[in-house]
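Novice: Dropping a structure here in structure tokens format, bear with me for questions.
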Amino acid sequence: MKKFVFTILILVTCLMNKSHAQNLPIGQAWTVVQNKYAKVHTYMSPVSMFANTSHIIELQNELIIIDGQFFTPYAFELKKFTDSIGKPISRFYISHDHPDHYIGFGDAFPDVKVYALSETIASIEKDGQSILEQRQAQFGPMIAKNLNKPSVIQQPGTETINNVKFIFEKSINNESAVSLIIKIPELGVCIAQDIVYNNIHLFIEGDTKGWETALKKIIGDKKYPTILSGHGKEGGIDLLNNNLKYLSDANLTILATKNKEEFKQAMLKKYPQYGGEQLIDIYLNYYLKPKNWK
Ligand SMILES: [Zn+2]
């Protein structure tokens, strides 16, 4: 744990020094897909800062945002992008209760109405403030001062907003215990968030069977050629298959190694082009504890 905190502190200290020199690496935003009634845009923090995505659904006269970043400067970059579109934000969704998706945006978007599944609302209500304070102690001004906690329950089901049909689904036991998947059928878009990673190391806490089931379910639903991920750019069925392969490789590597360091080195060697090496440190230090490791 100490080593992880140290690594991250070094990273953040470097970035903050750079930030003073106005050199903080910046994120990017792009339009993924559009039709007459809706556009889907993605804002993504730099790969060196976990490539956290926020997706913006632009309807005729409102914006819906999904997920709000980890570090506050990137939530402000997201705000700059949404301001440039010039439409009010009617809903801000949190896909699941991992801090990299909900602690970043409280200062940049203090007044938006925040939606989530009831389990996510309960979890953030219980632990959100203490997690925010822990991260403030670790990362200082890179972390927002305040949370904007979700308060509106999103029930699973179908809803038409501004002439566009949305399907809200609850997925359980995938990368997190409970997560919200949002589908927009007429655009062929499935917003899967952390069920799918793109060119970033997947965050593995333990058994991955539920996660694999969730990936296979999305693969089986052929109506959605565009899958939006929680870390990294969008992709298609190939991306889902890559994620399944990564999970399989990770499980085989767990069995073939004896400790954290061996595992990490083996995964870095298998996926040399992937970002988010620090994510491996985080889950190895906090979560993943295989029985066959010393
Ligand atoms: Zn995440």
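Readers should treat all values here as calculations from the given coordinates under stated rules, not as data from a laboratory. Please read these numbers as outputs of a predicted model, since none were measured by experiment. Heads up, the Cβs are rebuilt from the backbone with ideal geometry, glycines too, and the neighbour counts pull from every protein chain shown.
Novice: For Phe166, list long-range residues whose amide hydrogen, built 1.01 Å from N in the peptide plane, is under 5 Å from its own amide hydrogen.
Specialist: Glu159, Thr160, Ile161
Novice: Obtain the radius of gyration and the Kirkwood radius of the stretch 166-294 from its C-alpha atoms and give Rg over Rh.
Specialist: A ratio of 0.99.
Novice: What are the ³J(HN,Hα) values, in whole Hz, obtained from phi via the Karplus relation 6.51 cos²θ - 1.76 cosθ + 1.60 with θ = phi - 60°, for each residue of the stretch 193-206 in sequence order, with x given for Gly and Pro?
Specialist: Karplus-based 3J(HN,Hα) across the stretch 193-206 equals 6, 6, 6, 10, 10, 10, 6, 10, 4, 6, 8, 10, 9, x Hz.
Novice: Summarise the long-distance tail of P(r) for the stretch 182-231 by giving the % of C-alpha pairs beyond 15 Å.
Specialist: Here the long-distance tail beyond 15 Å is 46 percent of all Cα pairs in the stretch 182-231.
Novice: Quick one: what are the phi-derived ³J(HN,Hα) couplings along the stretch 234-243, Karplus 6.51/-1.76/1.60 with θ = phi - 60°, whole Hz, x for glycine and proline?
Specialist: For the stretch 234-243, the Karplus-derived couplings read 6, x, x, 4, 4, 5, 5, 5, 4, 5 Hz, x marking Gly and Pro.
Novice: Over the chain, what is the mean sequence separation of C-alpha contacts under 8 Å (at least six apart), divided by residue count, expressed as relative contact order in percent?
Specialist: RCO, the chain: 15 percent.
Novice: Would you grab the residues whose amide H sits under 5 Å from the one on Val33? Only those 5+ places off in sequence or on another chain, please, with H modelled 1.01 Å from N.
Specialist: For Val33, the qualifying residues are Val40.
Novice: Please give the length that would be gained between Asp83 and Val47 if that part of the chain were fully extended, namely 0.36 nm times their separation in residues minus their C-alpha to C-alpha distance (nm, one decimal).
Specialist: 10.6 nm
Novice: Quickly rank 166-175, 128-137, 92-101 as a protection proxy: mean count of other C-beta atoms within 10 Å, highest first.
Specialist: 92-101, 166-175, 128-137
Novice: Which residues' amide hydrogens lie under 5 Å from the amide hydrogen of Asp194, considering only partners 5 or more residues apart or on another chain, with H built in the peptide plane?
Specialist: The answer is Gly230.
Novice: Assuming a ≥ b ≥ c are the square roots of the Cα gyration tensor eigenvalues, decide whether the chain counts as rounded (a/c under 1.5), prolate (otherwise, with a/b larger than b/c) or oblate.
Specialist: oblate
Novice: Sticking with this structure for a sec: Can you work out the Karplus-derived ³J(HN,Hα) for every residue in the stretch 118-123? Use 6.51 cos²θ - 1.76 cosθ + 1.60 with θ = phi - 60°, whole Hz, and x for glycine or proline.
Specialist: Using θ = phi - 60°, the values come out as 4, 5, 5, 4, 5, 5 Hz.
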